[in-house]
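Chemist: One structure coming up, written as structure tokens, with questions to follow.
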Amino acid sequence: MTDVAVIGGGAAGAAAFGELLACYDAGTVHWIVGQHMPGRGVAYATSDDRHLLNVRASAMGVFQEHGDDFIRHASRQLGQVKGTDFLPRRLFGDFIQAQVGARIDAARRAGRSFRIHPGSAREIAPRGEAGYAVRVGADRWLEVAHVVLAIGALSQRPLRTVSTTALDSGAYELDPWRLDRHPKAPRRVLVIGTGLTAVDTLLSAAVQWPHAELVAVSRHGLWPFTHAALPLSPYARQAALNQALLACDGALPMLRQVRRAIAEMEDTDWRSVIDGMRPVNALLWQGMSHARRRQFLRHARWVWEASRHRMAPATGEAILQLEEEGRLQVHAARVLDVDGTAPLQVTLRERATQLVSTLEADLVIQATGLDTAVAYCAHDLLSQLLRDGLAVADPLHLGVLAKPDGRLLDADGRVQPGLHAIGSLLRGNLWECTAMPEIRAAAHRLAVRLASADTAVATLDSAGEVP
Ligand SMILES: Cc1cc2nc3c(=O)[nH]c(=O)nc-3n(C[C@H](O)[C@H](O)[C@H](O)COP(=O)(O)OP(=O)(O)OC[C@H]3O[C@@H](n4cnc5c(N)ncnc54)[C@H](O)[C@@H]3O)c2cc1C
């Protein structure tokens, strides 16, 4: 049996499925999508055109070979667009679906075997050397040689400081993309988080409830920095800097090297330096000990995330405008408690003054970003994999333990040759693996690896050399 099952109907699952359709002919490629609009996932399901991509159009693509396909697709809808533009994420969702559709048509013409399953994968059972059985929905089992987990971000867990009363009140929203669940206009909306998800939530809330006062709270109260309007020239001494960073022991000496480079450069923008580190980010992370990684997460993650995952210039302007109009207030504060029923009582301790105060909010939206703490999640399939020792939680709550190529480790530390992951489950190993450039490269490498491995097995099989 040389079939493959890709689990997950987001952008990573779409990329893996499409890449496999193009090169895998040793068996059937199954795509278990778990939803109705496969391909869009969390990021590209938005219908709000204020939600912009934070990567320029020229760098967005679903598959490794993408050229300027997205620019041409977007131009057909919007008129002429430039590769340097930051376009609505909805458009990229349309594009993913069109690209996968084209791969499906090509696969049909080539006589490839594939199936798309609308249900969710509920269970994975190992079958020794034969691979795995995957249960889809209540009782349908697929027997496959390889499983690709592309299940994306986990549903947010409520912060520990939120009382059950508040959670049950209906005024605490755990899904920042579901403002439509709150038809009654709130007077004050408080968003927990100031990252990219929080920014999009605030922009939508500002339009949905034009008279609502908006409050955003996070420990450092720092918005993501913005991209430059036009691409920046690269930092001339990036290669030397990257070598020096690879020789550093831990995040603090790295930070010093980066600061020195930024201070020394005269006509280069600091953002070029951060972007120029992209080729070595995974190596830098992998070179850190567990203790160093923990130190980085505690002390430097917030500023790294804000500098590395920047927002489109127009998004930054829209947030600034809300602040200038006095509609949006930001607090650098810790949320000590959320309690009550609507309005909720939110108790904060301000970072700068340590003063404690309580704010009332008719609606509190948790927008704290990507959750990768698999040990605490309520995801049936992941829980089963952890329980059965087929997956092991990363000790820093960054997905699961895996090799850099995505093969999962089992509870005995053995590499499982047929169980692979792509995307955010691999954060503990790769750190940066959730943006499209990384996802499509990983999907391509995985498909080529599986295709070459299984072509070899299939050839041996047909020659009768394998029992
Ligand atoms: C708000 C936001 C904006 C972003 N903007 C950009 C950007 O501009 N540019 C960029 O390059 N990157 C961006 N990213 C990062 C990246 O492109 C996305 O995170 C990417 O879409 C991740 O896709 P995914 O498939 O891994 O995860 P998800 O989108 O989370 O999709 C996973 C899917 O798997 C399904 N699933 C889960 N469990 C099962 C199961 N048991 N069976 C079947 N299906 C299951 C889920 O229902 C979901 O549909 C953004 C991310 C977010 C969250």
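Chemist: Could you check segment 163-254 for helices (runs of 4 or more DSSP H) lying wholly inside it with 2 or more residues that are within 23 Å of the chain's Cα centre (by Cα)? It would help to see each step written out before you state the result.
Modeler: Working: elements: 164-168, 196-208, 238-246.
Where helices (runs of 4 or more DSSP H) fall fully within segment 163-254 and carry at least 2 residues being within 23 Å of the chain's Cα centre (by Cα), they are 196-208.
Chemist: Separate question: Does D85 satisfy the criteria of being of a type in the set (D, E) and within 16 Å of G18 (Cα to Cα)?
Modeler: Here the answer is no, as D85 does not meet what is asked.
Chemist: Confirm whether I151 is closer than 24 Å to A15 by Cβ and assigned to a loop (DSSP other than H, G, I, E, B).
Modeler: So I151 passes the test.
Chemist: Scan D105, D85 and give me the residue that is more than 18 Å from R440 (Cα to Cα), among the acidic types (D, E), part of a loop (DSSP other than H, G, I, E, B) and assigned by TED's automatic domain parsing to the domain that holds H420.
Modeler: On the way: D105 fails: part of a loop (DSSP other than H, G, I, E, B).
From the options D105, D85, the qualifying one is D85.
Chemist: Show the residue pairs meeting these rules: Cβ distance below 6 Å; 6+ apart or different chains; first residue within segment 183-212 and of a type in the set (K, R); second residue at pLDDT 95 or above.
Modeler: Every condition considered, the pairs that remain are R187/D362; R188/E213; R188/A361; R188/D362.
Chemist: Would you say T434 is within 15 Å of the ligand (Cβ to nearest atom), modelled with pLDDT under 95 and either over 29 Å from P224 (Cα atoms) or of a type in the set (S, T, N, Q) (or both)?
Modeler: Spelling it out, T434 is indeed within 15 Å of the ligand (Cβ to nearest atom), modelled with pLDDT under 95 and either over 29 Å from P224 (Cα atoms) or of a type in the set (S, T, N, Q) (or both).
Chemist: In addition: Can you tell me which residue among Q35, Q64 is polar (S, T, N, Q) and closer than 16 Å to I422 by Cα? Steps first, answer last, please.
Modeler: Values: Q35 fails: closer than 16 Å to I422 by Cα.
Within the list Q35, Q64, the selection yields Q64.
Chemist: Suppose the filter is assigned by TED's automatic domain parsing to the domain that holds R108, touching a His at 6+ places or on another chain (Cβ under 7 Å) and of a type in the set (A, V, I, L, M); does I71 pass it?
Modeler: Numbers: assigned by TED's automatic domain parsing to the domain that holds R108: yes; touching a His at 6+ places or on another chain (Cβ under 7 Å): no; of a type in the set (A, V, I, L, M): yes.
When the stated conditions are applied, I71 does not pass them.
Chemist: For segment 62-96, enumerate the residues that are of a type in the set (A, V, I, L, M) and surrounded by 15 or more Cβ atoms within 10 Å (Cβ to Cβ).
Modeler: Passing the criteria: V62, I71, A74, V81, L87, L91, I96.
Here's the yes/no breakdown for (1) within 28 Å of L203 (Cβ to Cβ); (2) in contact with a strand residue (DSSP E or B) (Cβ under 8 Å, 6 or more places away or on another chain); (3) assigned to a helix (DSSP H, G or I); (4) away from the ligand (no atom under 13 Å from the Cβ):
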{"site": "V6", "(1), (2), (3), (4)": "no, yes, no, no"}
{"site": "F17", "(1), (2), (3), (4)": "no, yes, yes, no"}
{"site": "Q35", "(1), (2), (3), (4)": "yes, no, no, no"}
{"site": "V62", "(1), (2), (3), (4)": "yes, no, no, no"}
{"site": "I71", "(1), (2), (3), (4)": "yes, no, yes, yes"}
{"site": "L91", "(1), (2), (3), (4)": "yes, no, yes, no"}
{"site": "D94", "(1), (2), (3), (4)": "yes, no, yes, yes"}
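Chemist: Look through segment 116-134, keep the residues that are within 14 Å of the ligand (Cβ to nearest atom) and of a type outside the set (A, V, I, L, M, F, W, C), and return whichever of them is farthest from the chain's Cα centre (by Cα).
Modeler: Once the filter is applied, the top-ranked residue is Y132.
Chemist: Which numbered condition trips up A138, out of (1) assigned to a loop (DSSP other than H, G, I, E, B); (2) within 12 Å of the ligand (Cβ to nearest atom)?
Modeler: (2)
Chemist: Separate question: (1) closer than 30 Å to D410 by Cβ; (2) within 16 Å of the ligand (Cβ to nearest atom): which one isn't true of Q366, the others all being true?
Modeler: (1)
Chemist: From the residues in segment 257-292 that are farther than 15 Å from R308 by Cα and in contact with a helix residue (DSSP H, G or I) (Cβ under 8 Å, 6 or more places away or on another chain), which one is surrounded by the most Cβ atoms within 10 Å (Cβ to Cβ)?
Modeler: My answer is A261.
Chemist: Something else about it: Conditions first: (1) closer than 22 Å to A442 by Cβ; (2) crowded, with 19+ Cβ neighbours inside 10 Å; (3) within 11 Å of the ligand (Cβ to nearest atom). Q99 passes all but one, so which condition is the exception?
Modeler: Against the list (1) closer than 22 Å to A442 by Cβ; (2) crowded, with 19+ Cβ neighbours inside 10 Å; (3) within 11 Å of the ligand (Cβ to nearest atom), Q99 comes up short only on (3).
Chemist: Examine segment 40-60 for a residue that is polar (S, T, N, Q), touching a strand residue (DSSP E or B) at 6+ places or on another chain (Cβ under 7 Å) and within 13 Å of the ligand (Cβ to nearest atom), and state whether such a residue exists.
Modeler: yes
Chemist: Of all residues in segment 352-372, which are surrounded by 15 or more Cβ atoms within 10 Å (Cβ to Cβ) and part of a loop (DSSP other than H, G, I, E, B)?
Modeler: Once the filter is applied, which keeps residues that are surrounded by 15 or more Cβ atoms within 10 Å (Cβ to Cβ) and part of a loop (DSSP other than H, G, I, E, B), segment 352-372 yields D362, A367, T368, G369, L370, D371, T372.
Chemist: Restricting attention to segment 412-446, report how many residues are part of a loop (DSSP other than H, G, I, E, B) and not aliphatic (A, V, I, L, M). I'd like the intermediate steps shown before the answer.
Modeler: Taking segment 412-446 as the starting set, the residues that turn out to be part of a loop (DSSP other than H, G, I, E, B) are 412-414, 422-423, 431-435.
Of the ones still in play, those that are also not aliphatic (A, V, I, L, M) are 412-414, 423, 431-434.
Number satisfying all stated conditions: 8.
Chemist: Something else now. Take L396 and tell me if it is hydrophobic (A, V, I, L, M, F, W, C), outside any strand (DSSP E or B) and modelled with pLDDT under 95. Give the steps one after another, and end with the answer.
Modeler: On the way: hydrophobic (A, V, I, L, M, F, W, C): yes; outside any strand (DSSP E or B): yes; modelled with pLDDT under 95: no.
Taking the combined requirement at face value, the residue does not satisfy it.
Chemist: So, one more: Under 6 Å between Cβ atoms, at least 6 apart or on separate chains: pull out the pairs that start in segment 113-126 with a residue that is closer than 11 Å to R140 by Cα and end on any residue that is β-branched (V, I, T).
Modeler: H117/I32; H117/V136; G119/V136; A121/I7; A121/I32; A121/V134; A121/V136
Chemist: Separate question: Tally time: how many residues in segment 290-325 are in contact (Cβ under 8 Å) with a residue 24 or more places away in the chain, over 24 Å from A57 (Cα atoms) and over 19 Å from the mean Cα position of the chain (by Cα)?
Modeler: Going through segment 290-325 one residue at a time, the tally reaches 9.
Chemist: Here is a further query. For the subset of segment 217-247 comprising residues that are more than 24 Å from W285 (Cβ to Cβ) and without any contact (Cβ under 8 Å) to a residue 40 or more places away in the chain, which member is surrounded by the fewest Cβ atoms within 10 Å (Cβ to Cβ)?
Modeler: The qualifying residue surrounded by the fewest Cβ atoms within 10 Å (Cβ to Cβ) is S233.
The values are calculated or read from the model by the stated rules, or taken from the named source; none is laboratory data. Predicted model only: the values in this text are computed from it and were never measured. Neighbour counts run over all protein chains shown; Cβ positions are idealised from the backbone, glycine included.
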